[in-house]
Amino acid sequence: MKLTILGCYAATPRTITNPTSQVLEIKNRMFLIDCGEGTQVQLRKNKIKFSKINHIFISHLHGDHFFGLIGTISTFALLGRTTDLHIYGPKGVKEIITLQLKLSNSWTTYDLFFHELESKESEVIFEDQKVIVKTIPLKHRVYTNGFLFQEKPGDRKLNVDAVQNYNIDKCYYQKIKGGGNVTLDDGTVIENDKLSFDPIPAMSYAFCSDTVYNEAIIPIIENVDVLYHESTFLDSEEALAQKTLHSTAKEAATIALKANAKNLVLGHYSTRYGDINIFKEEAQTVFPHILLADDGRSFEW
């Protein structure tokens, strides 16, 4: 699992920072999460191929999270894209994008599918053979969702020495990888745990931006491997965080601790602060495993 941060700062873009956007690579799938202004430029800078992005997830309709969407969609068309593109986001995103395409007479060369979200409960919005994506209802000034990406468990690993010892035919190998037992010619049943090893543990990633401190999300993200949680402010501006429905670094760390997350990635920093390292220092007073998002930074697990 690899996470590439394209932008992770709050509010307006600057010459040195970009608003929220990131790419998650999981089980050979590539998902674009949020699409702030300048996203397509950041994709190029980070050498991420446009053609690999087939699914875009928009958390909410504040500009620093989706103003780059129409430009990205348009550039895909200018490059001659033919593959379908799916966009998941709040109700209204289809109207916004199609109106821009209509008035500019810039219809796409590919099919564009909108999956508009309205539910205030967690729901499955994408699923294939290897990955499932659920919403994480957040509390912000407009309707907002985070997203939980989960790998599905893979096949068990064949214990080659064991299957050879029992003289098991290769035709049973896929059954064993799928968790099945094997019955020998003499009727003896060989339990699967004697023929295989546990699969590589499935990974999970939760994206939570923007939101006020909200313990209601904890059951949804419990035991997540990596949690990205907004930390717009430091504890000294807690009153401002409450007023604007954002979170502090300490509050993000508290959510990670209570959810038993393995790692916490901080982001969505207010540009009022000159050094993002102070966010890590504050969060580590609550939760030890802190990573700092920054434009162009990537993490692998």
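The values are calculated or read from the model by the stated rules, or taken from the named source; none is laboratory data. For clarity, every value in this text was computed on a predicted model and none was experimentally measured. Positions of Cβ are backbone-derived with ideal geometry, glycine not excepted, and every protein chain shown enters the neighbour counts. Heavy atoms of the whole protein, side chains included, go into the accessibility calculation; ligands, DNA and RNA do not. Shrake-Rupley method; radii C 1.70, N 1.55, O 1.52, S 1.80 Å.
The alpha-carbon atoms of the range 11-87 define a convex hull whose volume equals 90 cubic angstrom per residue.
Which of the pairs K2/K27; K49/K91; K2/K49; K139/K280; K157/K194; K47/K130 have their Cα atoms more than 18 Å apart in this structure? Pairs exceeding the cut-off: K49/K91; K139/K280; K47/K130. Expressed per residue, the C-alpha convex hull volume of the chain stands at 157 Å³.
Scale the Cα Rg of the range 18-161 by the rule-of-thumb value 2.2 N^0.38 Å and send over the ratio, two decimals. Cα Rg divided by the expected 2.2 N^0.38 Å: 1.12.
Starting from the Kirkwood Rh over alpha-carbon pairs, what translational D in µm² s⁻¹ does the range 173-213 have by Stokes-Einstein at 20 °C and 1.002 mPa s? Using the Kirkwood radius from Cα pairs, D works out to 159 µm²/s. When shorter helices are ignored and each DSSP H run of at least 4 residues is given -39500 (n - 2.57), the per-residue value for the chain at 222 nm works out to -6000 deg cm²/dmol. Which translational diffusion coefficient, to the nearest whole µm²/s, is obtained for the range 137-186 from the Stokes-Einstein equation, given a Kirkwood hydrodynamic radius over C-alpha pairs, 10 °C and 1.306 mPa s? Roughly 110 µm²/s, to the nearest whole number. The residues neighbouring H65, those whose beta-carbon lies less than 10 Å from its own, together hold a net charge of -4 under the Lys/Arg +1, Asp/Glu -1 convention. Rolling a 1.4 Å probe over the protein heavy atoms of the range 135-288, with every protein chain left in place, gives an accessible area that is 48 percent carbon and sulfur. Rg and Dmax, both from the Cα atoms of the range 87-233 and both in Å, are 23.1, 74. Given axes a ≥ b ≥ c from the Cα gyration tensor, I'd like to know whether the range 78-154 is rounded (a/c under 1.5), prolate (a/b larger than b/c) or oblate. Since a/c reaches 1.5 but b/c is at least a/b, the shape of the range 78-154 is classed as oblate. The orientation-averaged shadow of the Cα convex hull for the range 216-294, equal to a quarter of the hull surface, comes to 4.8 nm². Prolate is the label for the range 201-242, because a/c, from the alpha-carbon gyration tensor with a ≥ b ≥ c as root eigenvalues, is 1.5 or above and a/b exceeds b/c. An oblate overall shape is assigned to the range 252-301, the ratio a/c of its alpha-carbon gyration tensor axes (a ≥ b ≥ c) being 1.5 or greater and a/b not exceeding b/c.
Among 266-274, 250-258, sorting by the average number of other beta carbon atoms lying within 10 angstrom of each residue, highest first, gives 250-258, 266-274. Taking max minus min of the alpha-carbon positions on each principal axis, the range 158-301 gives extents of 73, 31, 22 Å, largest first.
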